[in-house]
Amino acid sequence: MKAMFHIVLLLLAVSSAVESCSPTDRAALLDFKAALHEPYLGIFNSWTGDDCCHDWYGVTCDPQTYRVADIDLRGESEDPFFERAKRTGYMTGTISPEICKLTRLSSLTMADWKGITSEIPPCITRLPFLRILDLIGNKISGRIPAGMGRLRRLTVLSLADNQITERIPPSLTNLSSLMHLDLRNNKIYGPLPRDFGRLRMLSRALLSGNRISGTIPSSISEIYRLADLDLSTNRLSGTIPPSLGKMAVLATLNLDCNKITGPIPASLMNSGVSNLNLSRNGLDGKIPDVFGPRSYFTALDLSHNKLRGPIPRSISSASFIGHLDLSYNHLCGRIPSGSPFDHLEASQFTNNDCLCGKPLHKACN
Ligand SMILES: *[C@@H]1O[C@H](CO)[C@@H](O)[C@H](O)[C@H]1NC(C)=O
Ligand SMILES: *[C@@H]1O[C@H](CO)[C@@H](O)[C@H](O)[C@H]1NC(C)=O
């Protein structure tokens, strides 16, 4: 009986405590807000009163625990706020480390505000429930926190279009749940971790527009789900691992604008890759003569390399080539005819050593 009474008391205490948001969460949100300045839309005007779980713009709480679970603030959105103001968002200030007091945080999205500076608070790596970190389109600087790999539940890491620098921390490959990695257009340098292939859940790896050097780790080809790999506009050197052409679902491979040398692996010419850009590298040797019915390209751009020899005859047996660019190489000989070539223009073959035939205005002897 006495025990029963205690349980009832306990339940009463718990239910009254969860009616509104936790005071520590509320205090953390207010500190977070205080470090930011959003002059045009007034999105933070709703962040007043005791209950941060109701009607605080962009804040969502867990319905069971009443702890803050999501902060979702996007500077480009269809929301009425933006329609009324007839403009996209702009915000300055910093991401306060006070955010790390939101210990049940599952997603933090502060996207496309253009003006948020500061570093990523390293304490963020101690938020055990974090699944989404999206800070795309700001002026975030500094490094990716060294302890990033601790976030075992993280599925989305989107830091594109910022000013992040330094190397990719080795711990990153410990993110065993990561599905979407977007680090495009930052100032990241140094090599890709050799064990990049440990990111087994990854389906998109977008790293273009940085200063990444070294070679392409062949372990990438162990990422079974990888569909989209963009390493373009970096400083990668070495050769293309032939195993990339054996990947189950890889559909887009962009390696353009690097310093990659050596031959084009034959495996890439009849793989599942349908969007292949190898333009502006130092690739040499011949275009592998292994095209076949499995070769299906919406885009195949091999321009601005050092490719030699003829355009392989087998290319006529490709099932589809939407956009082909072989310009600025050292190719020679007759351009094959056949259906994949019917719609091509001269510009896609210019500046080679001695190509001839249609669509070039140079007859073969
Ligand atoms: C990755 O995780 C393992 C196991 O938890 C740990 O021993 C290792 O130190 C981590 N690696 C890095 C580079 O943090
Ligand atoms: C391939 O990459 C080059 C260099 O970045 C770019 O100019 C070109 O438009 C790309 N080709 C295709 C088909 O997207």
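Miscellaneous remarks
- By the Cβ distance rule of under 4.7 Å, the chain has these cysteines without a partner: CYS257.
- Taking each residue as 0.36 nm, the span from ALA34 to GLU119 lengthens on full extension beyond its C-alpha to C-alpha distance by 29.0 nm.
- Between ALA205, ALA160, ALA27, the GNM of the chain built on Cα springs shorter than 10 angstrom shows ALA27 fluctuating the most.
- Between region 180-229 and region 325-355, the alpha-carbon centres lie 32 Å apart.
- Phi angles across region 219-226 convert, under the Karplus curve 6.51 cos²θ - 1.76 cosθ + 1.60 with θ = phi - 60°, into 3J(HN,Hα) values of 4, 4, 5, 7, 7, 4, 8, 5 Hz, Gly and Pro given as x.
- Close amide-amide hydrogen proximity is noted between MET201 and LEU178, each under 5 Å apart and 5 or more residues distant or on a separate chain (H modeled in the peptide plane; Pro and chain starts excluded).
- Placing a pseudo-label 7 Å from each Cα along the Cα-to-Cβ vector at ARG334 and HIS361 gives an inter-label distance of 2.3 nm.
- Considering only GLY322, PHE196, ASN185, the residue lying farthest towards the positive end of the dipole of the chain is PHE196, judged by Cα position with unit charges set on Cβ.
- Centre-to-centre, using Cα atoms only, region 276-303 and region 111-130 are separated by 40 Å.
- For TYR40, the residues whose amide H sits under 5 Å from its own are TYR90, ignoring neighbours fewer than 5 places away on the same chain, with H placed 1.01 Å from N.
- GNM result for the chain, Cα springs below 10 Å: residue of SER177, SER221, SER337 fluctuating most strongly: SER337
- Sequence-distant residues sharing a close amide H with ALA69 (under 5 Å, placed H): THR60, CYS61, ASP62
Bear in mind these aren't lab numbers, they're just calculated from the coordinates by the rules spelled out. Since the structure is predicted, the reported quantities are computational estimates derived from the model, not experimental observations. Note: ideal-geometry Cβ built from the backbone for every residue, glycine included; neighbour counts use all protein chains shown.
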